[in-house]
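Structure record follows, encoded as structure tokens.
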Amino acid sequence: MGHILFGSYLVERNIVSAMDVIKARFVQLKNNRKIGELAQAKGLLTHDDVLNILAIQEETRDKFGEIAVRDKYLTKGQVEELLKEQKDNYIFFGEALVSIGAISEKEVIEQLKEFNKLETQDSG
């Protein structure tokens, strides 16, 4: 069967629609923000600051927060606060589907179990 995404799996089985998948991804995009976006929204970093850190990250592969602290864009406490906010607001794909009313929480859990069985069989 090959590797497929959970959303594609649900669409193939007519459990949710392709539009539901798109709507759920938008919910995730709105909520699952990157640390640079959060810092910019709070006025802690400018757009140029974020771009500078991302350029350094591209070269070093270091974490955004590590670079921001090391190069004195942010304090360690600010990074910890941003990471906590990022984690608290994170929405998984299944949660996003539930939030838009496309599927019940119980059904997501059942489908994830089935999906993971398939994924395990394919990789084995």
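Would you pick out the residues in the range 67-88 that are under 28 Å from ARG25 (Cα atoms) and open to solvent by 70 Å² or more (accessible area, probe 1.4 Å)?
Residues satisfying the conditions are GLU80, GLU81, LEU83, LYS84, LYS87, ASP88.
Identify the residue in the range 32-54 that is open to solvent by less than 60 Å² (accessible area, probe 1.4 Å), of a type outside the set (Val, Ile, Thr) and assigned to a helix (DSSP H, G or I) and, among all such residues, is farthest from ALA102 (Cα to Cα).
If we take residues in the range 32-54 being open to solvent by less than 60 Å² (accessible area, probe 1.4 Å), of a type outside the set (Val, Ile, Thr) and assigned to a helix (DSSP H, G or I), then ASP49 is farthest from ALA102 (Cα to Cα).
Return the pair list, or none, for Cβ contacts closer than 7 Å from residues in the range 25-53 that are free of Cβ contacts under 8 Å to residues at least 12 places away in the same chain to residues that are of a type outside the set (Lys, Arg) and open to solvent by less than 50 Å² (accessible area, probe 1.4 Å), at least 6 apart or on different chains.
GLN40/VAL50
Residue under question is LEU29, and the condition is that it be over 18 Å from ARG70 (Cβ atoms), at pLDDT below 95 and either of a type outside the set (Phe, Trp, Tyr) or surrounded by 17 or more Cβ atoms within 10 Å (Cβ to Cβ) (or both); does it hold?
Working: over 18 Å from ARG70 (Cβ atoms): yes; at pLDDT below 95: yes; either of a type outside the set (Phe, Trp, Tyr) or surrounded by 17 or more Cβ atoms within 10 Å (Cβ to Cβ) (or both): yes.
Yes, satisfied.
What residue, among those in the range 93-116 that are in a loop (DSSP other than H, G, I, E, B) and touching a residue at least 60 places away in the same chain (Cβ under 8 Å), is most open to solvent (accessible area, probe 1.4 Å)? Please lay out each step first, then the result.
As a first pass, look at the range 93-116 and keep what is in a loop (DSSP other than H, G, I, E, B): 100-104.
From what is left, the residues that are touching a residue at least 60 places away in the same chain (Cβ under 8 Å) are 100, 102-103.
On the way: ILE100: 61, ALA102: 27, ILE103: 19 Å².
Ranking the candidates gives ILE100 first.
The values are calculated or read from the model by the stated rules, or taken from the named source; none is laboratory data. Since we're looking at a predicted model, the values are computed, not measured. Neighbour counts are summed over all protein chains in view; Cβ atoms, including those assigned to glycine, are modelled from backbone coordinates with ideal geometry. When the accessible area is computed, the model is the full protein with side chains, heavy atoms only, and any ligands, DNA or RNA have been set aside. Shrake-Rupley method; radii C 1.70, N 1.55, O 1.52, S 1.80 Å.
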